[in-house]
Structure formats: structure tokens, C-alpha cells
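Note sheet for the following structure.
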Amino acid sequence: MERKIYFCGSIRGGRNDAQLYARLIDELKKYGTVLTEVIGKPYLEEVNHDIGEAREKRIYEKDCQWLKESDIVIAEATQPSLGVGFEIGASIALNKKLLVLFRPDTGR
């Protein structure tokens with residue numbers, strides 16, 4: 001059975017670490033399917049924040065579905081992000097295996 005990995009990284013909180021996310025995702029793909037591979041895509045830097053309530057709901061529902069399906073959650077939490085915080089909390093509530101990464105040398 002292929003391991004399903006949910007990767008969390010900041011989207012609206014800032015895309016400064018997008019290249020790092022892409023490298024982490026590439027590495028994680030050696031261990032299973034990364035359900036949220038899109039987090040490492042650079043085009044997310046141009047996300048329009050006014051994308052409509054219906055689309056927001058679809059994104060939320062898909063992310064919750066992926067969280068439930070995942071075997072493990074990896075969160076890169078150096079860049080402050082409400083979304084990553086929510087995903088960490090949801091992972092705990094779902095009793096998922098969880099690894100939270102943080103780079104202390106950033107001064108955050």
C-alpha cells in the first residue's frame with residue numbers, strides 16, 4: 001500500500017519558502033504520494049486572494065478530505081500561517097502521525 005503524505009506550507013501567509021517546499025516535496029515523494037504537491041508550485045505566488053466563497057469552500061473540503069486520507073502529515077511551520085496552524089490542529093484531532101518542521105535560524 002502506497003503511503004499518503006499531506007504536506008503543509010504557507011500559501012497566503014507568504015510564499016517566501018516555495019522553493020524549499022518544492023525540494024521537501026520532491027524528497028517526500030520517495031516515500032509515498034504527496035497529496036498536496038501543489039504547495040511546492042511557484043505559480044501559487046500569484047494567487048488572487050479574492051477568489052470567491054464557493055472556491056474557498058471547495059479548497060477547504062478537498063484539503064479536509066486529503067487530511068483524513070493521509071497516513072502522515074508533514075508541516076513546514078517557519079513562515080507564520082493560519083492555514084498551516086489549522087492543518088496541524090486538524091491532524092492532531094484526527095490522530096495523524098505529524099512532523100512539524102521549523103528553522104530556528106530565521107529569528108521567528
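What the table below lists for this structure:
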quantity	calculated
Sole exception among (1) of a type outside the set (A, V, I, L, M); (2) in contact (Cβ under 8 Å) with a residue 12 or more places away in the chain; (3) open to solvent by 70 Å² or more (accessible area, probe 1.4 Å) for Asp17, by number	(3)
Identity of the residue in the range 42-64, at pLDDT 90 or above and within 23 Å of Ala22 (Cβ to Cβ), that ends up least open to solvent (accessible area, probe 1.4 Å)	Asp63
Number of positions in the range 25-41 that are open to solvent by 20 Å² or more (accessible area, probe 1.4 Å) and either within 11 Å of the chain's Cα centre (by Cα) or at pLDDT below 95 (or both)	4
Flag if Ile11 is at pLDDT below 90 and either aromatic (Phe, Trp, Tyr) or surrounded by 15 or more Cβ atoms within 10 Å (Cβ to Cβ) (or both)	yes
Residue ID - least open to solvent (accessible area, probe 1.4 Å), chosen from residues in the range 65-94 that are in a helix (DSSP H, G or I) and more than 20 Å from Gly40 (Cβ to Cβ)	Ala90
When residues of the range 95-108 are limited to those that are more than 16 Å from Asp17 (Cβ to Cβ) and basic (Lys, Arg), the one least open to solvent (accessible area, probe 1.4 Å)	Lys96
Leading residue by the ranking (nearest to the chain's Cα centre (by Cα)) among those in the range 95-108 that are in a loop (DSSP other than H, G, I, E, B) and at pLDDT below 90	Arg108
Test: residue in the range 32-42 that is part of a loop (DSSP other than H, G, I, E, B) and under 29 Å from Gly107 (Cα atoms)	yes
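The values are calculated or read from the model by the stated rules, or taken from the named source; none is laboratory data. Only a predicted model underlies this, so the values are computations on that prediction, with no experimental measurement involved. Positions of Cβ are generated from backbone atoms using ideal geometry, with glycine treated the same way; all protein chains shown enter the neighbour counts. We work out accessible area using only protein heavy atoms, side chains counted, and drop any ligands, DNA or RNA first. Shrake-Rupley method; radii C 1.70, N 1.55, O 1.52, S 1.80 Å.
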